[in-house]
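The values are calculated or read from the model by the stated rules, or taken from the named source; none is laboratory data. The model shown is predicted, which means the values in this text are computed figures rather than measured ones. No Cβ is skipped: glycine too gets one built from the backbone with ideal geometry, and neighbour counts run over all protein chains shown.
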C-alpha cells in the first residue's frame with residue numbers, strides 16, 4: 001500500500017480510509033438529523049422513521065471481475081447484489097425496506113439476461129421483505145456494474161453501532177467463517193436479518209458489524225470505532241469445513257455478524273440464542289481490551305482500493 | 001428502435017419502458033408504505049418522513065461518454081451528478097436531504113482527481129442543504145461511473161406526481177429550453193428546488209416533472225401517467241438564445257420543471273410567480289386534452305437504451 005500524501009499530484013493507489021479523509025474535507029458537515037454518517041455499516045437518520053424508529057441508509061456496488069467472476073449465473077449475481085446491503089442492515093439490528101437498483105449492463109444484453117438478473121433480485125426481495133421502488137438501467141461497453149441503495153428501519157433502542165463495544169466485552173461471531181469465494185457461498189449467503197434483530201433486542205449486545213472484508217480486517221475497524229483493542233483465540237474460530245484459520249481471518253465475504261456482548265449478560269444470551277437460533281452458532285472468539293493493549297496480530301482481508 | 005419480444009433469446013436493444021415491464025414481472029409487489037414506486041421522478045414512501053411528510057427516494061447514474069464528455073472538469077461532473085437527482089426531488093415539490101455517492105473511478109486516479117470530483121459534489125451539497133452520509137469507491141479499468149442515491153422530504157399536501165394533470169389544465173415550463181449540451185449548461189444548471197417548492201404550495205398546480213430527456217419525450221410521459229393527451233403551441237416555447245424549436249423539444253438536459261395548472265387558478269399563480277421568482281420565467285406552452293384527442297406530434301428526446 002502506497003500512502004497518499006497531499007503533495008502527490010500523480011496518480012497513486014490509496015486505502016479506503018485515506019480516500020475517505022480526503023473526500024470528507026470537501027463536503028459540508030452532516031445536518032442534525034444524521035446520527036451516524038460515513039463510517040458504520042449504514043448511515044443512521046433521525047426523524048425519517050416511524051415514531052420510535054430510525055432510518056438506515058446503505059449503498060453498495062457489485063462489479064464483474066471484482067465481486068463476481070465473468071460467467072456467474074445472473075440470478076446469483078442479482079441475489080448477491082441485494083443481499084450485501086441487506087447484511088449491513090442486519091448488522092445495525094434493522095429491517096430492510098425499500099431498494100433502488102442501478103445496472104450498467106453490456107449493450108449486448110437481451111431478455112434472457114435482464115430476466116435472469118432480476119429473478120435473483122426478486123427472490124432476495126421476497127425473502128427479506130424488500131420493495132424495489134426505483135433504479136436505472138444504462139447500457140455500457142464495460143463489465144456488468146450494479147449499485148444498490150437500500151433503506152431500512154430500526155427501533156431506536158435496538159440500534160447497534162460499531163462504536164458500542166467496551167473493554168471486557170466478549171467478541172462473538174454468528175455461523176462459520178472462511179472459504180466463501182472458493183465454495184461459491186458468497187453468491188448464495190443468507191443475510192443474518194433475523195439473527196441481527198434478535199441480538200439487537202438483547203440489552204447485553206453492545207456492538208455489531210457484518211463480516212464482509214474478513215474478520216482480520218473487520219474486527220480492527222470495530223475496535224477502532226469503539227476505541228478499544230482486542231484479543232482473539234484464533235483456534236476458537238468457527239471454521240467452514242476444509243478452511244484454515246488464516247482463511248477464516250482473511251478470505252472475506254462471510255456475511256456473518258461480528259458481535260460484542262457484556263460478559264455478565266453472556267450466559268443468559270447464550271442459552272436464549274440456542275433456543276432462538278438452533279441452526280446458527282454464536283461462538284465466542286475473544287475479548288475486547290482497553291485501548292493501548294496489544295491487539296492480536298491478524299492477516300488483513302480485502303480493501304477494494306489496495307492495488 | 002427494435003421491439004423486444006418475449007420470444008427473443010438473442011440480444012436486442014429495447015426501450016426503457018419495455019425493459020421496465022420485463023423487470024417488474026420478476027419483482028414482488030411493493031409494500032403498503034410505497035405511495036409511488038417505479039415510474040415517477042422519485043419513489044414516494046409513507047411513514048418514513050416526519051409527521052405530515054412523505055419520504056422521496058431517487059437514484060441516478062452518470063457515465064463518462066454518455067452524460068459528460070471525457071476531459072470534463074471533475075468539479076463540474078460532481079456538481080451535475082448530485083444536481084440531477086436534486087432536480088427530481090424539485091419536481092415532486094420536495095427538499096433534498098441525504099445522499100450516498102458511489103464512484104467507480106479509473107485506477108489511475110489520485111488526490112487531484114478525487115478532490116476535484118468531491119469539490120463539485122460538496123458545492124452542490126452546500127447549495128441545496130444535502131448531507132452526504134455514505135457511499136462507496138471502486139477502482140475500475142473503465143470510464144468514470146457515478147451513482148447517486150438521494151432522499152428528500154415533502155409535505156403530504158405538497159406532493160405533486162406526474163399523474164395529477166386533468167384535461168383543460170395549462171401546460172407550463174420554468175426557464176428556457178434547448179442547447180443544454182452544446183452550451184455546457186448541463187454541467188452548471190441550477191435545480192429548481194425553490195421554484196418546485198413554491199409551485200407545490202399552490203393548490204392550482206396539478207402535476208410536475210423535471211425535463212431531463214427533452215420536452216418531446218417528457219411531456220408524453222406525463223400525459224400518459226395522467227391519462228390525458230395534450231396540445232402545445234411550439235412557437236410559444238421559451239427558447240435559449242440561438243436554439244430552434246426542435247432543439248428545445250429534443251435536446252434534453254434542460255432540468256427545468258414541466259408543470260400543469262388549473263386554468264381558473266392560473267391568473268393568480270401567474271401574478272404571484274412574477275413576484276416570487278422574478279428571474280425565472282413560467283411560460284404557458286399548451287393545454288392538456290382528454291385522452292384520445294390527437295396529441296401534438298413531437299420529436300423524441302433521449303432514451304438511454306435506444307441504440
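Quick notes on this structure:
- Only one of A:139, A:182, A:188 that is out of contact with any helix residue (DSSP H, G or I) (no Cβ under 9 Å at 6 or more places or on another chain) and over 25 Å from residue A:53 (Cα atoms): A:139
- Qualifying residue in segment B:71-89 (condition: at the interface with another protein chain (Cβ under 9 Å from one of its Cβ atoms), more than 27 Å from residue B:158 (Cα to Cα), more than 13 Å from the chain's Cα centre (by Cα) and in contact (Cβ under 8 Å) with a residue 40 or more places away in the chain): yes
- Pick from segment A:38-49, criterion touching a helix residue (DSSP H, G or I) at 6+ places or on another chain (Cβ under 9 Å) and either facing chain B (nearest Cβ under 8 Å) or within 12 Å of residue B:98 (Cα to Cα) (or both), ranking: modelled with the highest pLDDT: A:42
- Subset of segment B:102-118 [within 8 Å of chain A (Cβ to nearest Cβ) and touching a residue at least 40 places away in the same chain (Cβ under 8 Å)]: B:102, B:104, B:118
- Residues being touching a residue at least 40 places away in the same chain (Cβ under 8 Å), out of contact with any strand residue (DSSP E or B) (no Cβ under 9 Å at 6 or more places or on another chain) and at the interface with another protein chain (Cβ under 9 Å from one of its Cβ atoms) - total across segment B:14-37: 1
- The single condition among (1) at pLDDT 95 or above; (2) surrounded by fewer than 23 Cβ atoms within 10 Å (Cβ to Cβ); (3) in contact with a helix residue (DSSP H, G or I) (Cβ under 7 Å, 6 or more places away or on another chain); (4) more than 30 Å from residue B:111 (Cα to Cα) that residue B:175 does not satisfy is (3).
- Count of segment A:274-294 residues which are touching a residue at least 40 places away in the same chain (Cβ under 8 Å) and either closer than 19 Å to residue A:205 by Cβ or buried (at least 18 other Cβ atoms within 10 Å of the Cβ) (or both): 12
- Entirely in segment B:121-198, the strands (runs of 3 or more DSSP E) that have 1 or more residues that are touching a strand residue (DSSP E or B) at 6+ places or on another chain (Cβ under 8 Å) and facing another protein chain (nearest Cβ under 8 Å): B:131-140, B:145-155
Condition check ((1) touching a residue at least 12 places away in the same chain (Cβ under 8 Å); (2) closer than 20 Å to residue A:76 by Cα) across all residues:
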| residue | (1), (2) |
| --- | --- |
| A:120 | yes, yes |
| A:126 | no, yes |
| A:129 | yes, yes |
| A:145 | yes, yes |
| A:163 | yes, no |
| A:168 | yes, no |
| A:177 | yes, no |
